[in-house]
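A short write-up of the structure that comes next.
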Amino acid sequence: MTEDKAILLDHPDKIHTTEMSVGRIKRNLNIGTDDVVAYCKNKVLDKNCKIYKQGKNWCCEADRIKLTINAFRYTIITAHVIPEI
């Protein structure tokens, strides 16, 4: 496990998002849950999640979903469905 990935996985309690982002994440992922942060944390903690650092962000990919999380503040910035090829 890379050091960066370990840092993120060791601090899932720090993962959060802004109130303004909740609606956008729900819409982008087409999910009905009100607890967007818990949904995203579950994706990050999934054993099949691919986590890599890209600049100042972590990218987390699981179940055709890509999350972008700020590496310093642990803020979920964006969430998108990865299109099928």
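Across the range 1-17, what is the total count of residues that are in a loop (DSSP other than H, G, I, E, B) and modelled with pLDDT of 95 or more? Count: 2.
Filtering the range 26-85 to residues that are charged (D, E, K, R), surrounded by fewer than 15 Cβ atoms within 10 Å (Cβ to Cβ) and in a helix (DSSP H, G or I) leaves only R27. Could you list, in sequence order, all residues of the range 42-59 that are within 11 Å of L8 (Cα to Cα) and either of a type in the set (D, E, K, R) or in contact (Cβ under 8 Å) with a residue 24 or more places away in the chain (or both)? Residues satisfying the conditions are V44, L45, I51, Y52, K53, W58. Could you check, for the range 23-41, whether at least one of its residues is closer than 17 Å to K5 by Cβ and either among the β-branched types (V, I, T) or free of Cβ contacts under 8 Å to residues at least 40 places away in the same chain (or both)? Yes, the range 23-41 has at least one match. Among the residues that make up the range 20-34, is at least one of them among the small types (G, A, S) and on the phi > 0 side of the Ramachandran plot? No: the range 20-34 contains no residue that is among the small types (G, A, S) and on the phi > 0 side of the Ramachandran plot.
The values are calculated or read from the model by the stated rules, or taken from the named source; none is laboratory data. What you see is a predicted model; the values in this text were computed from it and never measured. Cβ atoms come from the backbone with ideal geometry, glycine included; neighbour counts cover every protein chain shown.
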